[in-house]
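To start, the structure itself, in structure tokens.
Derivation of every value follows stated rules applied to the coordinates shown; laboratory data play no part. In this text the structure is predicted, and so the values were computed from the model without any measurement. When we count neighbours, we look across all protein chains shown, and the Cβ atoms used for this are built from the backbone with ideal geometry, even at glycine.
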């Protein structure tokens, strides 16, 4: 693959996960308003993103997707969007922020194994070392960061299990569907992804959508929802498959380690946490690990 494509793949993955990191803060802000249930919020994301991708598809080359591939995209949508979000939304209500973040760090490791099983992406020593370097950095960061004292005080086994499933669902999405994604334009793939996700979520969230008092929404809540739909859903989920087409699944998954880094940076900026040499070292380890995995050549990785 051309060097420029690799650079664009890295930039896309990096940007997407930075947005995801900011999205965690925005979602918490939306939750504090208490006017939308989590599943209703997911419905809004799916409806908004589906509409934007279908609108964008009017200005891109038309692609016919055969029924067999539509079935594959449906499964990808359930794993990468619907089941991932449903498990996460439930898990965060019965899991402490630290425990949830620690379990989430398993996603790149699971992606590495899933990719080896389904698309024969070999597991090499260089790749394992890179993943573990980043893993050690993010674990150090998590264990030395401040978390919201108003959150859940104790995790339940169900919460831990759901967070594990959340990571596994997304690892399956990253690790299995790269060949399918590569056959289509990103816009074509994602318009069907969000259409299927919207259809699956509406039976669960329709009542919440209909009962919400939209006229009472404060301007800040409207801005948060706009960020959620446009940036954290439409743009970020455009960038993820863009990166998937250009990078190996394990490498894309490793960018998820940016999320706790972004959370730590924001915590420092708002005075909830302090910047230390240890936190800078932890962030550096994450990027060193990504670099090591990236340097494992396609023929040997």
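Among all positions in region 59-71, there is no residue which is within 16 Å of the chain's Cα centre (by Cα), surrounded by 15 or more Cβ atoms within 10 Å (Cβ to Cβ) and closer than 21 Å to residue 178 by Cα.
Return yes when residue 133 is surrounded by fewer than 22 Cβ atoms within 10 Å (Cβ to Cβ), touching a helix residue (DSSP H, G or I) at 6+ places or on another chain (Cβ under 9 Å) and not in a helix (DSSP H, G or I) and no when it is not. Working first, answer last.
Details: surrounded by fewer than 22 Cβ atoms within 10 Å (Cβ to Cβ): yes; touching a helix residue (DSSP H, G or I) at 6+ places or on another chain (Cβ under 9 Å): yes; not in a helix (DSSP H, G or I): no.
So residue 133 does not fit the description; no.
Any residue at all in region 167-179 that's within 30 Å of residue 57 (Cα to Cα), out of contact with any helix residue (DSSP H, G or I) (no Cβ under 6 Å at 6 or more places or on another chain) and part of a helix (DSSP H, G or I)? Yes; the residues of region 167-179 include at least one that is within 30 Å of residue 57 (Cα to Cα), out of contact with any helix residue (DSSP H, G or I) (no Cβ under 6 Å at 6 or more places or on another chain) and part of a helix (DSSP H, G or I).
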